[in-house]
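S.K.: Got a structure for you, questions after.
None of the figures in this text is laboratory data; all of them are computed from the coordinates on show. Quick caveat: nothing in here was measured; it's all calculated off a predicted structure. Cβ coordinates were reconstructed from backbone atoms using ideal geometry, including for glycine residues, and neighbour counts include every protein chain displayed.
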Amino acid sequence: MSLRNRQKIKTIHRTVGVVAIASMAGLILYFTLLINQTEVEDSQAGLVENMMMGYSINPGEVIYAYDWESGATNIASVGDLISLHNIHAIITKDGEENSFGLAPDPEHKELLFEIPAVKEFNSGGIDVSLDFRKTTNNCGFFTRGKKFEFGIRENKILIRYSLKQDQDKPYSFNEVTNFVIPDDAKFRNYRFMYDPVEGVAEILVNNITIWSHDHPVNSLLDWEENAPIQLGKGIKSEEKPVACIDNVIIRATKTPTSIPLTLLHFEARAEYDHVMITWFTIKENDIDSFIIQKSHDAITFEDVGKIKAKGISNHLEAYALADTHPDKGLMYYRLLPSNKPFKSVTVPLIGYKYRGKDGDLKLDDVQGN
């Protein structure tokens, strides 16, 4: 093989390696290991935007589903078996394809079916669908508090939701589409999906997209976190109860590839009798706090301290926390940003050897003076 061909193959191998590493960037923790034999060496973490967000659900995974084939209103076909307290509804056998379906309770004159809030409902996106037979010109397919509604207004499909917006107030979106619900007794599948990664919202009827809207990528839905999901809000009873809701499915959506944090710099430096840890951010979006931890083996960590974050910021922010009881020898520090809607994530790890300012002088001797 010629030298030129060997160089080409080497270049291809390098390119494949770079692509492979880049594709894994959002799935691994970024470790920066810097060891200084006399004191702590500066660590430049760089811009860190692709970090694990940590949702426990996968794209397309069904969180809850109801088909009522068990004959009980409060039993989900998928999801936790829970006793729902707010139910004014009955099951009748005239649902989709003559299956069991949900109908208004004649005694209460209006359908009420609430699914209690669970943490999975508070993710950045949502995918909800149901089979619906029209019995009214105004109702909610899915309603959650005052910030989310997918349903019908004046015989047309309505969608209303709210998105988080950095330092600004949440952005509210409210639109009545041009799709008119047909006046017949047929069940149709109505579905709303919001993909927080792409920022795309869609409404589908029988798997055909009839409406869509684009938002900035990685925009997250803003929820009333403790509010339940209500099915069929506004559907009233007729003389003879008729099933109007069937095959309810609530799915997870894709996870944004980066937590709303840009870390510019992370450094640990030995002072006279302590180690000072400093870091800078240039973007924070709903960050609750920062936790510093240390370890002897980079496996088992203990807390050094915790600092309240700015929360929301698009400017340079500086933080510092002192480890007043540093251990002599090789140690590791790590930074954990804590974000309320998400699990905490770990970013750069710093390793160092601490020997004190006067050679082998022990910290106990320093603190005793």
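S.K.: Full extension from Asn178 to Asn86: what is 0.36 nm times the residue separation minus their Cα-Cα distance, to one decimal in nm?
M.R.: Gain in length upon complete extension: 29.8 nm.
S.K.: On to the next question. For segment 62-251, what is Rg from Cα atoms divided by 2.2 N^0.38 Å, rounded to two decimals?
M.R.: Here the Cα radius of gyration is 1.00 times the empirical estimate.
S.K.: Between segment 304-321 and segment 162-240, how far is it from one alpha carbon centroid to the other, in angstrom?
M.R.: Answer, in whole Å: 35.
S.K.: Here is a follow-up. Quick check on my link table: of Lys186/Lys240; Lys169/Lys308; Lys233/Lys308; Lys283/Lys328; Lys134/Lys164; Lys119/Lys240, which ones sit more than 29 Å apart, alpha carbon to alpha carbon?
M.R.: Lys233/Lys308; Lys283/Lys328; Lys134/Lys164; Lys119/Lys240
S.K.: Round to the nearest 0.05 the FRET efficiency obtained for Thr262 and Asn207 when R0 = 30 Å and r is the Cβ-Cβ distance.
M.R.: Approximately 0.20, to the nearest 0.05.
S.K.: What ranking do 171-180, 228-237 get when scored by the average of other Cβ atoms within 10 Å per residue, highest first?
M.R.: The most tightly packed comes first, giving 228-237, 171-180.
S.K.: Tell me whether segment 187-236 comes out rounded, prolate or oblate; compute the Cα gyration tensor, take square roots of the eigenvalues as a ≥ b ≥ c, and use a/c under 1.5 as the rounded threshold.
M.R.: oblate
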